[in-house]
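First comes the structure, then the notes that go with it.
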Amino acid sequence: MEQGKSGMDIKGMNRKKIYEFLRRSRSVSKQDIVYALQLSLPTVTQNLQELQEKGLLDTAGKIGNTGGRNATAFTFISDAKVAVGIDIQKHRNTIVVVDLDGKVIETLKKKIDFSMTDEYYSKLGEGVREILEKTHTDPQKVLGVGMGVPGLISGDGQEVVYGRILNFTGETCANFSKYIPYRSLLYNDANAAGFAEIWSLHNIKNAFYICLSNNIGGSVLLDNKVYEGDNQRSGEVGHMTVVADGRPCYCGQYGCLETYCSATVLSDTTDGDLGVFFEKLKNGDMESRMLWDSYLRYLSLAVNNLRMLFDCKIIIGGYVGSYIDGYMEQLWEMVRQRNMFEDDPEQFLLPCQYKTEAIAAGAALPFVAEFFEQI
Ligand SMILES: [Zn+2]
């Protein structure tokens, strides 16, 4: 029995290797796979056949080779499976469909006020149906629906264990997915966004993702996985004290990073419009400049603390992260001045890749990652 089990494991590993190789190479001949992965021709043939039966590769193309004959090209089908992600916010939802490359192939934005009502759950179901119809997606292709919410989530992704922002502690995935006919899971929004970043940056395994939106969140990513902590409370960088007895925070404490670096610190000066703030900053408005300098000073302090603690890449995301590209030099310099090692901030402090759909995409991507694990 044991031997049979390990035989299955090797078979599964070979299939995973071949599928991964196909994903990276996009289109290859059987011989290319045999040569690159050092597997036998019968092994490769059998696995390709199985992948084809599952509808995961296409054999319509030909690849020219030096022998004069054209070999069959085995081509990766990026939309053979898809996953849906929803970014659930107080006054709007963003719904995306991502393919097996993690690419956002469709986005739907809905203005809708959050409420724990049947009407709201039914609208979530409608949104999912609408985006899948728009992308002409066969329901069989849907791996699952992930929902990124501003709250702390139980380890099994089924319940909100702390949700002060939407006042929805105790809310369940079963309610959210009442009208969604696919496997569904809840994710903390910052963890989802952090996962999306790690996914898009193939060469990074460890990172701390800071989500600078109307509230501050954070995500600890170790070895390509979210580290949630013993109580799913890791990465709550917004409530790290940066000024002893400083500004009062909604959490009841004083001097939290939240009160110095949330996006609202900036957008409160422009009627809630962060874009207008950055426009004024770009146009040389003095007050905006002073506020921004002080904002970056606190941010550099937080970044330095995180770097000292984790010794990993730090990614600036969230609403402010989507505008940060032009200001990285200034932030790098501030961080450099605080760093006691000779670390180069340009190497470890990065702007986010996903500028707008990080939470929604990041809530969908774990289904894609799981699919590759189980292939
Ligand atoms: Zn706080």
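The values are calculated or read from the model by the stated rules, or taken from the named source; none is laboratory data. Predicted model, so just to flag it, every value in this text is computed and none were measured. No Cβ is skipped: glycine too gets one built from the backbone with ideal geometry, and neighbour counts run over all protein chains shown. Heavy atoms of the whole protein, side chains included, go into the accessibility calculation; ligands, DNA and RNA do not. Shrake-Rupley method; radii C 1.70, N 1.55, O 1.52, S 1.80 Å.
Could you tell me the center-to-center distance, by alpha carbons, between the stretch 329-373 and the stretch 173-238 in angstrom? The distance from the Cα centre of the stretch 329-373 to that of the stretch 173-238 comes to 13 Å. Accessible area ranking (1.4 Å probe, heavy atoms, ligands and nucleic acids excluded), largest first, for Met116, Met240: Met116, Met240. Picking from Gly218, Gly148, Gly255, which is most flexible by a Gaussian network model of the chain using Cα springs under 10 Å? Judging by the Gaussian network model, the answer is Gly255. Of the accessible area of the stretch 82-194, computed with a 1.4 Å probe over protein heavy atoms only, carbon and sulfur atoms account for 49 percent.
Taking a 32 Å limit on the Cα-Cα distance, which of the listed pairs Lys30/Lys103; Lys110/Lys225; Lys123/Lys313 fall beyond it? From the list (Lys30/Lys103; Lys110/Lys225; Lys123/Lys313), the Cα-Cα distance tops 32 Å for Lys123/Lys313. Looking at the chain alone, DSSP beta bridges between its own residues are antiparallel in about 65 percent of cases.
State the percentage of accessible surface on the stretch 202-351 attributable to carbon and sulfur atoms; use a 1.4 Å probe and exclude ligands, DNA and RNA. Reported share for carbon and sulfur atoms: 46 percent. Within straight-line reach of Lys282, meaning a Cα separation under 20 Å, sit the following aspartates and glutamates at least 8 residues removed in sequence or on another chain: Asp268, Asp271, Asp273, Asp293, Asp325, Glu329, Glu333. Dividing the alpha-carbon radius of gyration of the chain by the rule-of-thumb value 2.2 N^0.38 Å gives 1.11. For the chain, set up a GNM with springs between Cα atoms under 10 Å and report which of Ser177, Ser213, Ser29 has the largest fluctuation. Between Ser177, Ser213, Ser29, it is Ser29 that shows the largest mean-square fluctuation.
The residues of the stretch 202-351 expose, per residue, 51 Å² of accessible area to a 1.4 Å probe. Taking the average, over residues, of other Cβ atoms within 10 Å as the packing measure, peptides 36-42, 269-275, 361-367 rank 361-367, 269-275, 36-42 from highest down.
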